[in-house]
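Heads up: the structure comes next, in structure tokens.
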Amino acid sequence: MYDINHLYEATSVEHAVQLRVEQPQAKIISGGSDILISIRAGDLAGCDLISLYGLDQLRGVSLDHDGTLRIGSLTSFTQLEEDGLIREHIPVLAESAGTVGGPQIRNIGTVGGNTCNGVTSADTAGTLLAHDAIMELTGSQGVRLVPLTEFYLGAKQVDLAPDEIATAILIRPDHYRGYFGAFFKYAMRDAMDIATSSCSVNVKLSPDKKTIEDARISYGVAGPVPLRTRTAEEAVRGKPVSMDTIEAFAAGALEDVNPRTSWRATREFRLHIQGELARRCLVESIRRAGGNV
Ligand SMILES: Cc1cc2nc3c(=O)[nH]c(=O)nc-3n(C[C@H](O)[C@H](O)[C@H](O)COP(=O)(O)OP(=O)(O)OC[C@H]3O[C@@H](n4cnc5c(N)ncnc54)[C@H](O)[C@@H]3O)c2cc1C
């Protein structure tokens, strides 16, 4: 059923890196929910695989001494959804993980796979992007940190060297403390569907809750890779919490997105829902931050 030539099973991060150097033709497999589909479809038939699945040290979420949230690359969507630190500090990330596929996919699929696949519809990628997440990559020369905003090079292309694996995703305290977020995924049905488009927003309000001190927004399926729309962010920074500000946010977002027509939806339809997603996510983020519109 699965045409796999050889499976190398990594027993440690060092061993995984060594296997990457010794077997440059081999593909990494974590949960396998993307790569096994490609093998079965014949696109990667006969390939060699390096499995990270046994690396339990890459599973789970922890808090570094400086308050940085460290999400192990093998953390599954279910773990992300249920994790106490994520629910306390970035509940919107738990919510976005909860929209992936169905329970079986959420149990097996990993956040490392959801970012390293370079796919624009990846549901956790947008929320990570909107929190200025950093990819921790480990290779033969040691650890390299790459902001997620720079990790995406093009459709299904990421900045991962041939000897590297993703070991963690980091979110610094100044990128989540004081921020409140909302995520909406527009799909044809509520489960087991890839996003027609998705949007993740988070805001920081002034102490009196009347001014937007900072806002960040990202989209899935608004271009070849998950993307931030900086025009929207700049349009509302320092502005009063009001309907005019929300409209300026949506208008700014539409200046930066560039969706395409596919069998799922036309470009025009995606543009329509992307404006609406910006509005809804911002209103909900403001509400969660204690503001009123
Ligand atoms: C039925 C079904 C429904 C789905 N629904 C959704 C959905 O709603 N939303 C969504 O976002 N996704 C969905 N997916 C896609 C998939 O579950 C995710 O993309 C998942 O996050 C991939 O993670 P994985 O561990 O299974 O990756 P794998 O299949 O193991 O790997 C995916 C890619 O990432 C690379 N990779 C994996 N881990 C690492 C690492 N640590 N370091 C470097 N490279 C790595 C692999 O080489 C491969 O190229 C669905 C898939 C299926 C089959």
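The values are calculated or read from the model by the stated rules, or taken from the named source; none is laboratory data. The shown structure was predicted, so the numbers you read here are calculated from the model rather than taken from an experiment. For neighbour counting, all protein chains shown are included, and Cβ atoms are generated from backbone atoms with ideal geometry for every residue, glycine included.
Which of the residues belonging to region 93-142 are β-branched (Val, Ile, Thr) and under 21 Å from Tyr186 (Cα atoms)? Of everything in region 93-142, those that are β-branched (Val, Ile, Thr) and under 21 Å from Tyr186 (Cα atoms) turn out to be Thr99, Val100, Ile105, Val111, Thr115, Val119, Thr120, Thr124, Thr127. The number of residues in region 107-132 that are more than 8 Å from the ligand (Cβ to nearest atom) and closer than 15 Å to Glu81 by Cα comes to 3.
Inspect region 69-92 for any residue being in contact with a His (Cβ under 9 Å, 6 or more places away or on another chain) and either under 27 Å from Pro224 (Cα atoms) or of a type in the set (Val, Ile, Thr) (or both) and give the result as yes or no. There is at least one residue in region 69-92 that is in contact with a His (Cβ under 9 Å, 6 or more places away or on another chain) and either under 27 Å from Pro224 (Cα atoms) or of a type in the set (Val, Ile, Thr) (or both). Checking the structure you have, find out if any residue of region 277-289 is in a helix (DSSP H, G or I) and among the β-branched types (Val, Ile, Thr). Yes; the residues of region 277-289 include at least one that is in a helix (DSSP H, G or I) and among the β-branched types (Val, Ile, Thr).
So which residues in region 2-35 are aromatic (Phe, Trp, Tyr) and modelled with pLDDT under 95, if there are any at all?
As a first pass, look at region 2-35 and keep what is aromatic (Phe, Trp, Tyr): 2, 8.
Hit for region 2-35 is Tyr2, nothing else.
With the structure loaded, tell me whether Arg237 is modelled with pLDDT of 95 or more and over 27 Å from Asn117 (Cα atoms) or whether it fails that test. Break it down into steps so the answer makes sense when it comes.
Numbers: modelled with pLDDT of 95 or more: yes; over 27 Å from Asn117 (Cα atoms): yes.
In short, yes.
For region 82-106, filtered to residues that are in contact (Cβ under 8 Å) with a residue 60 or more places away in the chain and of a type in the set (Gly, Ala, Ser), the residue that is farthest from the ligand (Cβ to nearest atom) is Ser96.
I need the helices (runs of 4 or more DSSP H) fully contained in region 36-128, keeping only those with at least 2 residues that are modelled with pLDDT of 95 or more and surrounded by fewer than 24 Cβ atoms within 10 Å (Cβ to Cβ). Lay out the reasoning, then the answer.
Numbers: elements: 77-82, 84-89, 91-97, 103-108, 111-116.
Per the criteria, 77-82, 84-89, 91-97, 103-108.
Kindly provide the set of residues from region 129-145 that are without any contact (Cβ under 8 Å) to a residue 40 or more places away in the chain and surrounded by fewer than 17 Cβ atoms within 10 Å (Cβ to Cβ), ordered by number. Result: Gln141, Gly142, Val143, Arg144, Leu145. Of all residues in region 133-183, those being under 23 Å from Leu63 (Cβ atoms), more than 14 Å from the ligand (Cβ to nearest atom) and of a type in the set (Asp, Glu) number 1.
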